[in-house]
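Some notes on the structure that comes next.
Coordinate-derived values only; no laboratory data. This is a predicted model, so every value here is computed, not measured. Reconstructed Cβ throughout: ideal geometry from the backbone, glycine too, with neighbour counts over all protein chains shown.
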Amino acid sequence: MFDLNNLLRDNIKKLVPYSSARDEYKGKEGIFLDANENSFGAPVSALEFGSINMNRYPDPMQIDVKGKLSKIKGLPIENIFLGNGSDEAIDILFRAFCEPAKDNVIVCPPTYGMYEVSANINDVAVIKVPLLPESFQLDKDNILRAITSTTKLIFICCPNNPTGNGVSWDTIKVLLEKFNGIVVIDEAYINFASYRSLIPELLNYPNLVLLQTLSKAWGLAGLRVGMAFASEPIIDVFNKIKPPYNINAVSQQIVLDALDNVSVVNNWIKEIVAERERLILAFSKLPFVKKVYKSDANFLLVKVGDPVQLYDYLAKNKIVIRDRSKVTLCEGCLRFTIGTKEENNIVMDQLMQYK
């Protein structure tokens, strides 16, 4: 049976989180003499950011942003964590649940590289269970066999990066039910998929953590704002560990404004998906393309005859893509992000000139 208390590191159980007076005082108006700020103001104009007082620390719990996200995601504020990119949430998972030089986590390559990087930073062993070749689905039986008494986390990217495919819910469900640790589903690209987020499943599985981001569909990569959704006890752990002011005031204001434009983002998503399907057909007709993999993300994994030569050719023509040819199971593959229609036309023109 899943027991969060059994997973938590002892030092985290005993941790007294940093507390500011702003955590205690919930009002927005008043004379603030608690944080040793400069009450005279800031030597820069903040007009473009509305009512932000640059000389004041931001809301440590980002309540206004979470309030809007709560309505969009259909989740209570208590089930939402905001991080400095999803990478902060990933790092917190290691620091909360994995004893350095003792515990391990499972990843399923090819997948997002930061899971392993964060594990290495935190001195946590990584058990790799590769995806099944060609289908890029989870190898459920080998994952279950790989679990040890010190396995604390399983990371699954869905839609997966760099392959672009979705992962079978039936397999994820088995892992959630048979694994006593935490299953982390990274949904960074979920907005481009033909299936819905697993957010409704949070009610059924206390060991489920979902990661999402505002960097992809929402076009806010420069802000570095990521999201984690989980049970309230797990979110409490995130908030216990995070720095007190991890999301700056300007980022919070821009996100608040962006969240009022859901229809704009939905239109972008439709255009990106349409361009993705157009490029699948166009790439498939090129003589040097061996295979275009099905994608539920805003990119395509394409197998070609000579990936290094093609990569260099495009770079010389000021087109930057990602060479994935040295990644497990992605031999011979390049990854193309779906650009605007105009950008995609330029790419296709260059590819048709390639010899």
For segment 133-263, rounded, prolate or oblate, judged on the Cα gyration tensor with a ≥ b ≥ c (square roots of eigenvalues), a/c < 1.5 rounded, else prolate if a/b > b/c? oblate
Taking a spot 7 Å from the Cα of M352 along the direction of its beta carbon, which residues of segment 286-302 have an amide N less than 12 Å from it? 286
Counting other beta carbons within 10 Å of each Cβ, put R95, R324 in order, fewest first. R95, R324
Note down the magnitude of the dipole of segment 170-312 about its Cα centre, charges +1 on Lys and Arg C-beta and -1 on Asp and Glu C-beta and zero elsewhere, to the nearest 20 debye. 420
Size of charge dipole - segment 263-353 - debye, nearest 20, with Cβ of Lys, Arg +1 and Asp, Glu -1, no other charges: 220
Along the positive direction of the dipole of segment 4-260 (beta-carbon charges: Lys, Arg +1; Asp, Glu -1; about the Cα centre), which of F32, M54, N246 reaches farthest? N246
Per the 1/(1 + (r/R0)^6) rule, R0 = 35 Å and r from the Cβ atoms of S149 and N266, FRET efficiency to 0.05 is 0.15
Quote the FRET efficiency, to the nearest 0.05, computed for V308 versus N142 with a Förster distance R0 of 30 Å and r equal to the Cβ-Cβ distance. 0.45
Let me spell out the model: positive unit charges on the Cβ of Lys and Arg, negative unit charges on the Cβ of Asp and Glu, origin at the Cα centre of segment 141-238. What dipole size does that give, in debye rounded to 20? 200
Given K71/K240; K73/K270; K216/K355; K173/K294, the pairs whose alpha carbons are separated by over 27 Å: K216/K355
The cysteines in the chain that find no other cysteine Cβ closer than 4.7 Å to their own Cβ are C98, C108, C157, C158
Between L223, L314, L211, which gets the highest mean-square fluctuation from a Gaussian network model of the chain, Cα cutoff 10 Å? L314
Ranked from highest to lowest mean number of other Cβ atoms within 10 Å per residue, what is the order of the peptides 163-174, 191-202? 163-174, 191-202
Among A315, A230, A146, which one shows the highest mean-square fluctuation when the chain is modelled as a Gaussian network with alpha-carbon springs under 10 Å? A315
Which one of Q137, I234, L75 has its Cα pushed farthest toward the positive end of the charge dipole of the chain, where Lys and Arg give +1 and Asp and Glu give -1 at the Cβ? Q137
How far is the Cα center of segment 62-100 from the Cα center of segment 137-155, in Å? 24
Picking from A282, T337, P307, whose Cα lies most toward the positive end of the charge dipole for segment 263-353 (charges on Cβ: Lys, Arg +1; Asp, Glu -1)? P307
Cα-based equivalent ellipsoid of the chain: semi-axis lengths in Å, sorted from largest, via gyration tensor: 36, 28, 17
